[in-house]
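To start, the structure under review is shown below, and the notes come after it.
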Amino acid sequence: MVRKLEAKFRKPASGQVSARCKVSSDELFRWSTELASRGRLSASIPVEVIDGTGATVLSAIVEWFIVRDTPNIR
């Protein structure tokens, strides 16, 4: 679930748009470890939206609240 979203619109997009994010392998390992041990985590991910000319049209930080899926026990 998205907990928080901070975005800056830089300019109007031209053509198709796509999004990208860069997260280090160290950060992915930390998230994986925290999710395994606590069953949940809060992860902030930087996102850029790029238009058809390659220009960055939006920059954002998306904070996700992630919970490990556990089967129902009855």
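The values are calculated or read from the model by the stated rules, or taken from the named source; none is laboratory data. Values in this document were obtained by computation on a predicted structure and should not be read as measured data. Glycine also receives a Cβ, built like all others from the backbone with ideal geometry; neighbour counts cover every protein chain displayed.
Suppose we keep only residues that are exposed (fewer than 12 other Cβ atoms within 10 Å of the Cβ) and touching a residue at least 24 places away in the same chain (Cβ under 8 Å) within segment 16-34. Which one would you say is nearest to the chain's Cα centre (by Cα)?
Cys21
Yes/no matrix, rows are residues, columns are (1) among the acidic types (Asp, Glu); (2) loosely packed, with under 12 Cβ neighbours inside 10 Å; (3) over 12 Å from the mean Cα position of the chain (by Cα); (4) at pLDDT 95 or above:
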| position | (1), (2), (3), (4) |
| --- | --- |
| Ala36 | no, yes, yes, no |
| Val47 | no, no, no, yes |
| Ile50 | no, no, yes, yes |
| Thr53 | no, yes, yes, yes |
| Val57 | no, no, yes, yes |
| Ala60 | no, no, no, yes |
| Glu63 | yes, no, no, yes |
| Asp69 | yes, yes, yes, no |
| Ile73 | no, yes, yes, no |
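Between Ser37, Ser59, Ser14, Ser44, which is part of a helix (DSSP H, G or I) and of a type in the set (Gly, Ala, Ser)?
Working: Ser59 fails: part of a helix (DSSP H, G or I); Ser14 fails: part of a helix (DSSP H, G or I); Ser44 fails: part of a helix (DSSP H, G or I).
Answer to the selection: Ser37.
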field: Qualifying residue in segment 16-27 (condition: modelled with pLDDT of 95 or more and more than 30 Å from Asp69 (Cβ to Cβ))
entry: yes
- line: Of (1) in contact with a Gly (Cβ under 7 Å, 6 or more places away or on another chain); (2) more than 17 Å from Lys4 (Cβ to Cβ), Val67 fails just (2)
message: Out of the residues in segment 1-15 meeting the condition of being surrounded by fewer than 10 Cβ atoms within 10 Å (Cβ to Cβ) and under 11 Å from the mean Cα position of the chain (by Cα), tell me which one is farthest from Thr70 (Cα to Cα).
response: Val2
